[in-house]
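What follows is a short report on a single structure.
The values are calculated or read from the model by the stated rules, or taken from the named source; none is laboratory data. Everything numeric in this text was worked out from a predicted model, so none of it was measured. Every residue, glycine as well, gets a Cβ built from its backbone with ideal geometry; the counts of neighbours run over all protein chains shown.
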Amino acid sequence: MATNIIMPALEMAQETGKLVRWIKTEGATVTKGEPIMEIETDKVTVEIESPASGILSGLLIHEGDTVPVGQTIAWLVAPGESVPSVAPTIQSGRTIPKIVEVNATPIARKMAEEHGVELSRIKPNGGRIEKADVSAYLARTDPKGFKNPSGLKPASPKARRLASERGVDLSALHGSGPDGVVLALDIPTSTRSVQSPASTLWRVMAERMTTSWTTVPHFFLTREVNVSRLMAWREQAQKRAVEKITYTDLLVKCVAVALARHPRVNVSWSGNAVVKHDEINVGVAVAVEEGLIVPVIHRADRLGLGEIAARRNDLVARAQAGKLRLDDIQGGTFTISNLGMYGVDAFQAIINSPQAAILAVGRIAARVVPSGGVPVVQPMMTLTLSCDHRAVDGARGAQFLNTLGELLEEPLGMLE
């Protein structure tokens with residue numbers, strides 16, 4: 001009996017999945033547990049293993065297609081076994097038809113393709129669809145033959161692709177093909193800029209940031225810290241570490257210690273209640289080509305600085321390579337967004353909901369500050385804490401930020 005392969009649900013709120021690629025091809029013999037495809041969810045791309053052994057058959061979706069979770073997308077069959085028929089719905093609007101063989105002559109097929117007509121819509125007079133049947137169908141639906149039943153200008157698939165890429169209106173063209181069909185050579189070169197569709201990651205990031213900004217009552221706390229001793233701590237730690245120690249690693253360590261001292265900030269807002277978290281899992285915002293992603297350093301309060309650096313380095317590398325696992329991005333309780341390496345002095349970050357707070361970190365810059373009643377130049381860093389006022393009030397946020405500032409200004413001997 002054939003085993004159906006479905007679009008899996010890899011996240012709690014996941015509604016659809018996108019096929020990145022088929023690792024195994026049609027007709028390949030696979031064993032249970034062997035990777036057969038890569039699926040992209042809202043956050044990561046993961047390999048999916050075969051649920052059973054058999055011959056991979058009846059692939060119903062192509063690379064780039066997005067379908068609802070639970071939807072059958074292929075089968076595993078035994079030798080000689082037939083594939084059932086099904087018609088999955090593709091999110092892009094394209095519906096893959098049932099596996100039904102339409103009996104038509106080659107000329108009728110070519111003519112239908114040129115005019116954008118599905119052969120399944122045409123009822124033949126005889127046993128199979130002839131050119132005359134296609135002509136009669138076109139005469140009924142559009143006597144002039146310039147438009148197909150869906151209202152689209154008849155054009156070859158390549159012409160439609162080129163027109164889309166170049167921003168050309170097909171309806172304004174007169175095709176050189178049969179009955180005015182627009183061909184690839186009819187598409188003029190255009191200098192018009194073409195709007196590129198957003199990646200799934202970018203789209204989800206935009207949706208979640210919009211939801212967070214419009215539904216979460218943000219308030220912001222700002223503090224400047226003198227990081228001269230933090231810089232010295234980094235130099236000392238680097239001499240003993242195998243991994244490169246970055247200021248983000250130091251921040252993760254200090255944030256984890258501050259959260260342990262202020263557990264009321266290590267919370268989430270859910271429904272009408274504040275949810276306290278037993279673990280301190282610090283997320284680090286990472287910019288990738290497709291958008292922004294936040295891999296998580298789990299139980300950061302229990303890790304040494306070298307361990308934090310090793311995990312952060314691994315997570316960032318795999319994030320940029322698109323190889324993060326689900327565990328890498330789940331369970332975060334607090335987020336750090338560091339733009340100091342881009343020369344940013346200070347900024348306000350949008351909370352990574354349902355977390356209650358996010359820390360925005362600016363660059364280290366030499367500034368004139370008072371010391372013992374006289375002006376001195378010191379390396380300073382600006383921290384901005386964004387808080388969800390439903391879960392963290394001003395006093396708790398200020399106490400946490402004060403502790404964090406003290407840890408950053410006096411880290412030596414405190415966190416070793």
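Computed quantities for the displayed model
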{"quantity": "The range 197-227: number of residues that are among the hydroxyl-bearing types (Ser, Thr, Tyr) and crowded, with 18+ Cβ neighbours inside 10 Å", "calculated": "2"}
{"quantity": "Filter pass, residue 341 being in the same structural domain as residue 222 (by TED's automatic domain parsing) and not in a strand (DSSP E or B)", "calculated": "yes"}
{"quantity": "Hits in the range 283-302 - residues which are in a strand (DSSP E or B) and either under 13 Å from residue 335 (Cα atoms) or touching a residue at least 40 places away in the same chain (Cβ under 8 Å) (or both)", "calculated": "283, 284, 286, 288, 291, 292, 293, 296, 297"}
{"quantity": "Test: residue in the range 21-35 that is part of a loop (DSSP other than H, G, I, E, B) and touching a Lys or Arg at 6+ places or on another chain (Cβ under 9 Å)", "calculated": "yes"}
{"quantity": "Among the candidates 394, 405, 362, residue that is modelled with pLDDT of 95 or more and under 30 Å from the mean Cα position of the chain (by Cα)", "calculated": "362"}
{"quantity": "Of residues in the range 19-55 being crowded, with 20+ Cβ neighbours inside 10 Å and among the charged types (D, E, K, R), the one modelled with the highest pLDDT", "calculated": "40"}
{"quantity": "Of all residues making up the range 110-152, the number that are charged (D, E, K, R), within 39 Å of the chain's Cα centre (by Cα) and either surrounded by 15 or more Cβ atoms within 10 Å (Cβ to Cβ) or at pLDDT below 60 (or both)", "calculated": "3"}
{"quantity": "Residue within the range 360-368 that is on the phi > 0 side of the Ramachandran plot and loosely packed, with under 14 Cβ neighbours inside 10 Å present", "calculated": "no"}
{"quantity": "Which listed residue, of 70, 58, is modelled with pLDDT under 90, under 29 Å from the mean Cα position of the chain (by Cα), of a type outside the set (Asp, Glu) and surrounded by 15 or more Cβ atoms within 10 Å (Cβ to Cβ)", "calculated": "58"}
{"quantity": "Yes/no for residue 256 being among the small types (Gly, Ala, Ser) and farther than 25 Å from residue 411 by Cα", "calculated": "no"}
{"quantity": "The range 36-78, residues that are assigned to a loop (DSSP other than H, G, I, E, B) and among the hydroxyl-bearing types (Ser, Thr, Tyr)", "calculated": "41, 50, 53"}
{"quantity": "Failed criterion for residue 310 (all others in (1) out of contact with any Asp or Glu (no Cβ under 6 Å at 6 or more places or on another chain); (2) surrounded by fewer than 20 Cβ atoms within 10 Å (Cβ to Cβ); (3) at pLDDT 90 or above hold)", "calculated": "(1)"}
{"quantity": "Of residues in the range 381-406 being without any contact (Cβ under 8 Å) to a residue 60 or more places away in the chain and assigned to a helix (DSSP H, G or I), the one nearest to residue 275 (Cα to Cα)", "calculated": "395"}
{"quantity": "Residue in the range 231-242 that is in a strand (DSSP E or B), over 30 Å from the mean Cα position of the chain (by Cα) and in contact (Cβ under 8 Å) with a residue 12 or more places away in the chain present", "calculated": "no"}
{"quantity": "In the range 255-277, the residues that are over 28 Å from the mean Cα position of the chain (by Cα) and part of a loop (DSSP other than H, G, I, E, B)", "calculated": "262, 263, 264, 272"}
{"quantity": "Which listed residue, of 280, 308, is touching a residue at least 12 places away in the same chain (Cβ under 8 Å) and in a loop (DSSP other than H, G, I, E, B)", "calculated": "280"}
{"quantity": "Boolean, residue 400 is in the same structural domain as residue 206 (by TED's automatic domain parsing), under 20 Å from residue 226 (Cα atoms), within 25 Å of the chain's Cα centre (by Cα) and of a type in the set (Phe, Trp, Tyr)", "calculated": "no"}
